[in-house]
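Student: Have a look at this one before I ask anything.
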Amino acid sequence: MSVGLDANVRILVVEDDPHVRQMLALLLGARWHVEMADGGEAARDMALASPPDLVISDVRMPGIDGIELLRALRAAPATHDVPVILVSARAGERETIAGLEAGADDFLIKPFSGRELMVRVQARLDMIEMRRRTTRQEEALAALQRHSEWTEQLLDSLPVPLWLLEPTSRRVLFANHAARRMIVDPSASGDGLGERLALLRPDDEGGGALDIGDLMPASEAARVRGRRVVSMTAEGSVWLLADAARLPALHDHPAVAVLSLRDVTELQRKEDLLRSALHVRDEFLSVASHELRTPITTLSLQTESAFRGMTAAHSDGAASEERIMRKLSTIRRQIVRLEQLVEALLDVSRLMEGRLHLNPEEVDLGALATDIVESLADAAAHAGSTINLRCAPGVVGRWDRLRIGQVITNLISNAIKFGRSHPIDVDVDVDVDANGGRAARVRVHDSGIGIPPEQRKRIFDRFERAPAERHYPGLGLGLWIAKQIVDASSGTITVDSEVGVGSTFTVRLPRSA
Ligand code: ADP
């Protein structure tokens with residue numbers, strides 16, 4: 001390769017003979033920048049201070065000769081690689097070997113023509129240039145390597161799983177760390193980075209297997225945005241949102257498709273919960289309005305008819321008075337029912353705000369149950385049922401009398417409501433609790449409709465009512481409130497039940513509560 005007139009190339013000429021030096025300066029100076037040294041010592045200092053591109057040195061010189069200069073240059077890191085051409089008069093074998101051993105790059109034998117000098121120097125400079133270019137290329141390659149390692153690390157640090165696919169073959173070229181962690185189906189046949197994902201279409205899109213390549217946009221102009229995909233894992237199904245775009249070939253990079261799959265399982269789960277909570281709320285509102293309207297309708301009918309009865313009473317005497325009393329007693333029952341409903345609603349808002357305050361006092365549970373059973377005897381008789389109460393003596397503890405009374409009332413009212421007119425058993429005694437301590441126990445047993453197994457846990461949730469029991473009145477709040485009260489009293493409430501046979505609700509309360 002020809003360098004032409006190139007003042008950027010610095011050549012250091014070392015020659016003790018001033019004539020030869022002059023001649024070399026003339027020849028070389030026509031094409032390159034030439035610096036002169038009249039001996040090995042000066043040359044060494046100059047080269048070390050500012051390394052030239054090439055050194056042309058006479059071998060035989062007084063003081064430090066060409067071979068020694070060469071050794072000195074090779075020994076210093078700054079000049080280690082500087083090419084050196086040795087010039088000698090009819091080279092002796094010894095000199096040549098010594099020169100080669102010291103690392104000379106070329107020899108010029110005096111006498112030489114100007115043309116030979118120029119060709120040799122040019123050849124050496126071309127080699128230097130070639131070597132430099134190779135070094136530059138190697139450096140560029142190393143930089144590229146470092147850059148792609150950096151890019152990979154950057155992509156690996158992203159929490160979003162990313163894939164790069166080859167658009168035609170749909171082969172996965174790269175998967176970042178988050179993507180590699182998404183390998184979810186070890187049983188899948190392929191061992192590539194895409195096959196083991198086991199992707200499926202969601203059911204509402206017909207289900208069925210999906211290849212990772214199917215998520216690629218059809219063209220460079222198209223994009224895939226938030227497409228829903230399901231992936232089966234050992235832990236269950238995972239909901240994913242796929243986004244994909246195609247990048248055209250750019251510089252040295254071929255065209256690729258970039259695909260990301262975001263895990264939205266948690267969001268989906270929350271959405272489902274929210275949707276079902278909304279459904280439960282709407283259902284509750286319709287049940288509540290129905291429940292509140294029923295006693296109001298009865299109330300207004302009975303009041304109206306009592307009014308009419310009062311007007312007629314003047315003529316009818318005692319018989320009509322009795323009828324009015326009956327109506328008033330119905331009116332009173334409906335008012336109690338309304339009060340209970342409103343009270344339950346108030347309790348819910350109190351409990352939701354964490355405003356349930358217990359006032360523990362010494363309570364004889366048997367005496368409390370006796371009072372409640374007495375007060376409910378009327379309602380039980382109205383439903384064609386009876387309540388048998390068995391109390392062990394001295395079941396005493398510190399509890400909130402009103403709240404625990406509310407729990408027992410609720411359980412017995414449910415037993416009346418769902419008990420199909422069969423007798424109800426209420427037992428109060430002392431039992432061993434889960435921790436081996438002694439707990440007060442209240443059991444309310446009915447031989448009524450029973451509760452299906454799948455409903456048993458849910459009946460203690462807010463607004464939950466067994467769906468088959470829609471024609472029984474109620475807000476689905478009683479058991480939830482009862483559970484909150486029992487929990488706050490450090491007790492437990494459980495149910496045993498068989499459909500069509502009956503149910504037993506058991507409340508255990510620690511005696512120190
Ligand atoms: P509700 O006001 O609807 O009675 P609860 O919270 O007291 O509300 O009860 C929730 C649901 O549990 C009821 O709707 C009913 O389906 C079921 N349940 C409660 N007690 C009984 C019982 N003794 N027998 C059968 N089912 C019952």
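Student: At 0.36 nm per residue, minus the direct Cα-Cα distance, what do residue 170 and residue 253 gain on full extension? Give it in nm, one decimal, please.
Tutor: That works out to 28.2 nm of additional length.
Student: Can you find, among 284, 265, 231, the residue farthest towards the positive end of the dipole of the chain? Put +1 on the C-beta of Lys and Arg, -1 on that of Asp and Glu.
Tutor: Towards the positive end, the residue furthest out is 284.
Student: Counting other Cβ atoms within 10 Å, keep those with at most 10, restrict to DSSP loop, and tell me which trypsin sites (Lys or Arg not before Pro) in region 58-120 are left.
Tutor: Those that pass, being in a loop and sparsely packed, are 90.
Student: Taking the 0 to 90 degree range and rounding to the nearest ten, how far is the long axis of helix 40-49 tilted relative to the main principal axis of the chain, both from C-alpha atoms?
Tutor: For helix 40-49, the angle is close to 20 degrees.
Student: Here is a further query. For q = 0.26, 0.31 Å⁻¹, what log10 I(q)/I(0) does region 88-132 give under the Debye formula with an equal point scatterer on each alpha carbon and no solvent?
Tutor: Cα-only, vacuum Debye calculation for region 88-132: -0.97, -1.04.
Student: Now a separate question. What do you get for the angle between helix 66-75 and the principal long axis of the chain? Use alpha-carbon atoms, 0 to 90 degrees, nearest ten.
Tutor: It is inclined by approximately 10 degrees.
Student: I'd like the trypsin sites (Lys or Arg not before Pro) in region 136-187 restricted to DSSP loop residues with at most 15 other Cβ atoms within 10 Å, sorted by number.
Tutor: Those that pass, being in a loop and sparsely packed, are 170, 171, 181.
Student: How big is region 318-383 on each of its three principal axes, counting only the C-alpha atoms and giving the largest first in Å?
Tutor: That works out to 51, 30, 20 Å along the principal axes.
Student: Which length gain, in nm to one decimal place, applies between residue 290 and residue 148 when the Cα-Cα distance is subtracted from 0.36 nm times their residue separation?
Tutor: Extra length from residue 290 to residue 148 when fully extended: 44.3 nm.
Student: Okay, next question. Under a crude label model (7 Å from the Cα following the beta-carbon direction), how far is residue 353 from residue 498 in nanometres?
Tutor: With each label point 7 Å from Cα toward Cβ, the separation is 4.6 nm.
Student: When the Kirkwood radius is taken over all Cα pairs of region 66-152, what Stokes-Einstein diffusion coefficient follows at 4 °C and 1.567 mPa s, in µm²/s?
Tutor: Rounded to a whole number, D works out at 85 µm²/s.
Student: How large is the direction-averaged shadow of the alpha-carbon convex hull of the chain, in nm²?
Tutor: 48.9
Student: Helix 401-418 sits at what angle to the longest principal axis of the chain, using alpha carbons and giving 0 to 90 degrees rounded to 10?
Tutor: It works out to around 80 degrees.
Student: Turning to a different aspect of this structure: Roughly what % of DSSP beta bridges within the chain run antiparallel, to the nearest 5?
Tutor: The antiparallel fraction comes to roughly 70 percent.
Student: Give, rounded to the nearest 20 debye, the magnitude of the charge dipole that the chain has about its Cα centre when Lys and Arg contribute +1 at Cβ and Asp and Glu contribute -1 at Cβ.
Tutor: Magnitude of the dipole: close to 1660 debye.
Student: For region 210-364, what ratio Rg/Rh do Cα atoms give with a Kirkwood hydrodynamic radius?
Tutor: Value, to two decimals: 1.44.
Student: Per-residue counts of other Cβ atoms within 10 Å, averaged by peptide: what ranking do you get for 414-426, 345-357, 292-304, highest first?
Tutor: 414-426, 292-304, 345-357
Student: Using the scaling law 2.2 N^0.38 Å as the reference, what is the normalised Cα Rg of region 106-168?
Tutor: That works out to 2.25 for region 106-168.
Student: Next up: Restricting to region 47-180, compute how many DSSP beta bridges are antiparallel as a %, nearest 5.
Tutor: Roughly 25 percent of the beta bridges in region 47-180 run antiparallel, per DSSP.
Student: What is the diffusion coefficient of region 1-63 in µm²/s, taking the Kirkwood radius over Cα pairs and the Stokes-Einstein relation at 10 °C with a viscosity of 1.306 mPa s?
Tutor: The diffusion coefficient I find is 133 µm²/s.
Student: Okay, next question. Based on the Kirkwood radius over alpha-carbon pairs, what value in µm²/s does the Stokes-Einstein equation return for the translational diffusion coefficient of region 363-513 at 37 °C and 0.692 mPa s?
Tutor: Translational diffusion coefficient: 213 µm²/s.
Student: What's the extension gain from residue 456 to residue 7 if we count 0.36 nm per residue and subtract their Cα-Cα distance?
Tutor: Length gained, residue 456 through residue 7: 152.0 nm.
Student: If you take every residue apart from residue 390 with its C-beta less than 9 Å away from the C-beta of residue 390, what net charge results, scoring Lys and Arg +1 and Asp and Glu -1?
Tutor: Net charge in that neighbourhood comes out at -3.
Student: Still on this model: For the chain, please report how many Lys pairs fall under 29 Å Cα to Cα, leaving out neighbours fewer than 8 apart on the same chain.
Tutor: Value for the chain: 6.
Rule-based calculations on the coordinates, nothing more; no lab input. Keep in mind it's a predicted model, so treat the numbers as computed, not measured. Neighbour counts are summed over all protein chains in view; Cβ atoms, including those assigned to glycine, are modelled from backbone coordinates with ideal geometry.
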